[in-house]
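Comments concern the structure below.
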Amino acid sequence: MRLRRAITVGALLLMSASMTACGGDDDKGSGNSDGDGRTGASASSGKGGGAAGTKLPEASDMASIAYYLNQYGSCLDLKQGAEYDDSSLADHDPAWGDENMTRDAAWGIKERAVCRDDYDDSSTLLLLSDMKKFQTSMHAKNYGSILIGKDFAVQPGGTETIQDLKASGLVVLSCDPERKIPSGYKQEPAQVDGCVLTNYYAN
């Protein structure tokens, strides 16, 4: 019992939902290594208003993103993107995007991974090196929307997981000009013209 409690406390310290304001191009987050190969989230102060009037979670590695998502929904059996794409699961449940994105500097994606949720759907996790590049490519290549933190993005596998993540502090990056956001929901300019940040989670 003590061991389990110690592991739980350690896990909470590993990623304590570090919240930081969404800054501009020169506001880069930094992770803190705990010395044993794990890197947790770290807090940093951003300038100006936060995305959609809120602060965004920050994570420095895939393990931290997965742990964060598991606090609100489920992110199980984490696999590297290429490994998932080559698996039999991808035949009937393909993940968002592809590995070419990580090789194309224009996307600003450092790493791509995929996990499964409790509803038997796949969610795609993206660790970003450059949020502005990512938003620029989302807009230029006509990708509709995705959930983002300060330095990562998540494409949930299904509507149930989208609903689960409403309380996560992630906001929706919407680059779809046809998408109408109902009144009463926050929306603010993203880092790229043509995209907005909103707390309106559409199914």
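The values are calculated or read from the model by the stated rules, or taken from the named source; none is laboratory data. Quantities reported herein were computed from a predicted structural model and do not represent experimental measurements. Every residue, glycine among them, receives a Cβ derived from its backbone with ideal geometry; neighbour counts consider all protein chains shown. In case anyone asks, the SASA skips ligands and DNA or RNA and just uses the protein heavy atoms, side chains included. Shrake-Rupley method; radii C 1.70, N 1.55, O 1.52, S 1.80 Å.
Annotations for the structure displayed:
- Extension gain for the segment LYS132 to GLU111, taken as residue separation times 0.36 nm less the Cα-Cα distance, is 6.0 nm to one decimal.
- Extension gain, LYS141-GLU83: 0.36 nm per intervening residue step, less the Cα-Cα distance, totals 18.4 nm.
- P(r) tail, the range 60-203: Cα-Cα pairs separated by more than 19 Å, 49% of all pairs.
- Taking every alpha-carbon pair in the range 145-203 and binning the separations at 5 Å intervals from zero gives 4, 19, 32, 27, 15, 3, 0 percent.
- Taking max minus min of the alpha-carbon positions on each principal axis, the range 56-116 gives extents of 29, 28, 14 Å, largest first.
- Of LYS55/LYS166; LYS79/LYS110; LYS79/LYS133; LYS133/LYS180; LYS55/LYS186, pairs whose Cα-Cα distance is over 20 Å: LYS79/LYS133; LYS133/LYS180
- Of GLU83, GLU160, GLU99, GLU188, the order by accessible heavy-atom surface (1.4 Å probe, DNA, RNA and ligands excluded), from most exposed downward, is GLU83, GLU160, GLU188, GLU99.
- Under 18 Å from LYS141, Cα to Cα: aspartates and glutamates that are on another chain or at least 8 residues apart: ASP98, GLU99, ASP104, ASP130, ASP176, GLU178, ASP193
- Per-pair calculated FRET efficiency, R0 = 30 Å: ASP121 and ARG179 via Cβ, rounded to 0.05: 0.90
- Stretching the chain fully between GLN71 and ALA90 yields a gain of 4.3 nm (0.36 nm per residue, less the alpha carbon separation).
- 3J(HN,Hα) from dihedral phi, the range 171-177, Karplus parametrisation 6.51/-1.76/1.60, rounded to Hz, x for glycine, proline: 10, 8, 8, 10, 10, 9, x
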